[in-house]
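Notes follow the structure.
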Amino acid sequence: MALARADSLTYRYPGAARPALAGVSLELHPGELVCLLGPSGSGKSTLLRALAGLVPHFHGGAFAGRVEVAGRDTRRARPSDLVGAVASVFQDPEDQVVFAGVRNEVEFGLENVGVAPAEIGPRALQALGVMGAGHLAGRRTHELSAGELQRVCVAAALALRPRLLLLDEPTSQLDPEAAETLLERATRLGSAVVISEQRPALPLERCDRVVFMDGGRIELDAPRDAALAWLAAEHPTFLAHEPAHVGRNLEGDTLVRVGSAAYAYGDRVVPVPDVELVRGEVIALTGPNGVGKTTLAKLAAGLLEPASGRVERNGRAAYLSQDPGRYVVEDRVLDEVALGVGGDRDRARCALARVGLAGFDDRHPRDLSSGERERLALASVLVTEPDVLVLDEPTRGMDPERKLELAALLAREAPRRATLVVTHDLTFAADVADRIESAAPAKEAVLA
Amino acid sequence: MSPVPAVVLLAGLAAAALLAERTVSVALIAAVLLAACLQAPRRRRWPYLVGTLASGAFLLLFSPLAARYGGVVYWSGPEVPVVGRLDVTSEEVAEALYQALRLVAVGLAFAAYALLVDQDRVLLAAGRLRRSVLAIALATRLLPTLERDASGYVEALRGRGVTVEGLRGRARLLSPLVAGSLERSLNLAESMEARGFGRPGRTRAPQPAWETLDRLAVVGAVAIVVAGVLWL
């Protein structure tokens, strides 16, 4: 018997021109792992929200068809009534944290569903342990790295012991090893799991079934092997592939050289990896969470100054932040991009065209989809024509086809500058880089 | 000290500052609260202290100009349409100092709550008032969140060669900060709903029992309020 079922589900967000979901029918069975794939804006997150009852209860809009979860019709049962049967983890961990303490955060859901007081603490600690986050129980949530916070959010969902676990890009900020651990542990408890991912290699290795969405419709719902064959024919970018870019050994001007450097966050000194950036070359920097990759990126871009060691920079640097939400200062897309070049709108239009946003001039940046916001952020940085371009996790939330487009754009523009890409996405790193540097954990120090 | 007695004590000090009639008593309470706030890390405490002290200074400087009483004139200024003649009397200065100290004391009590109290535990202890306390706890966290967001915007702007300088430069960030916090509040509300907030039959994780210091703090809070009414 199905644990959850969507039947001819059509849904349109309030004020939207077209439906986010159009005639979606789907069954989910106990214990199965379903990999939900599709381009950005294809309706994956909306489908997960419908299965949690948040669509339509929280978002409003026009809802047709029927969704049943654990035998309850979501039109009648509120999302809070479904908690226990369903648990969700959303894309951005920072926006779903209620409490300042990690343990309180995990206990929150257990209290809401009325778990016996004596069981609340042990269940919270057990869930944190399962996610390899037991050591974080006494920490403050705002002190955690994005990867640690993502593990806490999954633990908060697992603590509820749901029959259906809905994960929306749960590994977007995790290094590959941590992502594998998260997936392995999240699926160990026997819940049915639906995982939406833009780094699909790992879930595709483990899943039982693949659902592929496009334009709000399900294009494919098939067992893993059949789905892999279909993806190879129809959407090969979603599968592991030969690198799109052949690495070159370049000997141009050295624009940035970082050697034996460390940065002090208060009294905590973080050593950063050595790196040398040469004009014309694209370097990808990978490595586990917390090894100082972002710190290195900011040092290379001149946003931070080292506490010790050597950082040499020649030429103008630009830095693309991990968070595209930081590129929404102005009210018009064109003005946002022109901000970096003293209001030069011609250059801004040109930069928008380079990232595929021609014609978006008068749109408000906040009205763009997440993928479009990523490209707006990129245009805002590219427009400055830097000698050194530093991109910090530029593919977060980006679908595989967009990633290939970004890799091609960076490769096309590579001769103009030195490019450093910090990423957890090894497929993207192989597609974009002439050279991949892997940062290893180094020991932190404390200032006396 | 447990957070609930700490909140009761801070509320007692704020109430005593409002009830006390002598300026020196209010000044003493404000000094105690300022000393408490100075225990917080420097990076976190400065927005609260600057905001509170600047508000008090504003009241102290400008309310004597608007008031029109007292006999000993310290300064007589020009005639201003609608307001009349600007002057400052000794009585107006004394009253302005008293009111400014009351404002500062209440502001510092809030700052001490935001900076030093574990709001999670206040929330968890709130019982039937949980919804209201949650709203207050989330609102209290707004300022540090805005501070982090503002740093993020400034860094992203610097990353594309735009420097943010002066009041005008920072004022430009106000609109994206407000819009960003509205977006975040929607995401947070959705997350809370998805985790069963508001469902009937809620339970509470056991909380640590009060110690002697906690009981003393509550008794002290009551005593301060009574003293504020009777003697201060």
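The values are calculated or read from the model by the stated rules, or taken from the named source; none is laboratory data. This structure is a prediction, so every number in the text was calculated from the model and none was measured. So basically every Cβ, Gly included, is an ideal-geometry build from the backbone, and we count neighbours across all protein chains shown.
Being out of contact with any Leu (no Cβ under 9 Å at 6 or more places or on another chain) and within 23 Å of residue A:393 (Cβ to Cβ) holds for only one residue in A:229, A:178, and it is A:178. Checked against the criterion of being of a type in the set (S, T, N, Q), closer than 24 Å to residue A:32 by Cβ and either within 22 Å of the chain's Cα centre (by Cα) or not in a loop (DSSP other than H, G, I, E, B) (or both), segment A:78-85 contains not a single residue that satisfies it. Within segment B:27-68, being within 14 Å of residue B:98 (Cβ to Cβ) and over 17 Å from the mean Cα position of the chain (by Cα) holds for B:28, B:60, B:63, B:64, B:67.
Of the residues B:93, B:117, B:154, B:133, only one is surrounded by 18 or more Cβ atoms within 10 Å (Cβ to Cβ) and at pLDDT 90 or above; which?
Criteria check complete, one pass: B:154.
When segment A:341-358 is filtered for residues that are hydrophobic (A, V, I, L, M, F, W, C) and surrounded by fewer than 17 Cβ atoms within 10 Å (Cβ to Cβ), the ones remaining, listed by number, are A:350, A:353, A:358.
Filter segment A:376-392 down to residues that are farther than 19 Å from residue A:346 by Cβ and crowded, with 22+ Cβ neighbours inside 10 Å, then give me how many there are.
Residues that pass the stated criteria total 6.
Selection of segment B:35-72 for residues being assigned to a helix (DSSP H, G or I) and among the charged types (D, E, K, R) yields B:42, B:43, B:44, B:45.
Exactly one residue out of A:36, A:51 is of a type outside the set (S, T, N, Q), out of contact with any Phe, Trp or Tyr (no Cβ under 9 Å at 6 or more places or on another chain), crowded, with 24+ Cβ neighbours inside 10 Å and within 18 Å of residue A:197 (Cα to Cα), and it is A:51.
Within segment A:313-332, is even one residue more than 10 Å from every other protein chain (Cβ to nearest Cβ), among the aliphatic types (A, V, I, L, M) and buried (at least 23 other Cβ atoms within 10 Å of the Cβ)?
No: zero hits.
Counting only residues that are farther than 17 Å from residue B:56 by Cα and either of a type in the set (S, T, N, Q) or in a helix (DSSP H, G or I) (or both), segment B:16-34 holds 2 of them.
Checked against (1) at pLDDT below 85; (2) out of contact with any Lys or Arg (no Cβ under 8 Å at 6 or more places or on another chain); (3) assigned to a helix (DSSP H, G or I); (4) facing chain A (nearest Cβ under 8 Å), residue B:169 passes all but a single condition, namely (4). Given the criterion in contact with a strand residue (DSSP E or B) (Cβ under 8 Å, 6 or more places away or on another chain) and within 14 Å of chain B (Cβ to nearest Cβ), identify the matching residue among A:31, A:109. A:109 is the lone residue from the list that is in contact with a strand residue (DSSP E or B) (Cβ under 8 Å, 6 or more places away or on another chain) and within 14 Å of chain B (Cβ to nearest Cβ).
Is it the case that some residue within segment A:140-148 is more than 13 Å from every other protein chain (Cβ to nearest Cβ) and buried (at least 23 other Cβ atoms within 10 Å of the Cβ)? So far as segment A:140-148 goes, yes, one or more of its residues are more than 13 Å from every other protein chain (Cβ to nearest Cβ) and buried (at least 23 other Cβ atoms within 10 Å of the Cβ).
Which residues, counting only those in segment A:59-75, are surrounded by fewer than 19 Cβ atoms within 10 Å (Cβ to Cβ) and either in contact with a Leu (Cβ under 8 Å, 6 or more places away or on another chain) or outside any strand (DSSP E or B) (or both)?
To start, the set of residues in segment A:59-75 that are surrounded by fewer than 19 Cβ atoms within 10 Å (Cβ to Cβ) comprises A:59-62, A:64-66, A:68, A:70-73, A:75.
Result: A:59, A:60, A:61, A:64, A:65, A:66, A:70, A:71, A:72, A:75.
Of the residues A:390, A:355, A:381, A:421, which single one is under 22 Å from residue A:286 (Cα atoms), more than 11 Å from every other protein chain (Cβ to nearest Cβ) and among the aliphatic types (A, V, I, L, M)?
A:421
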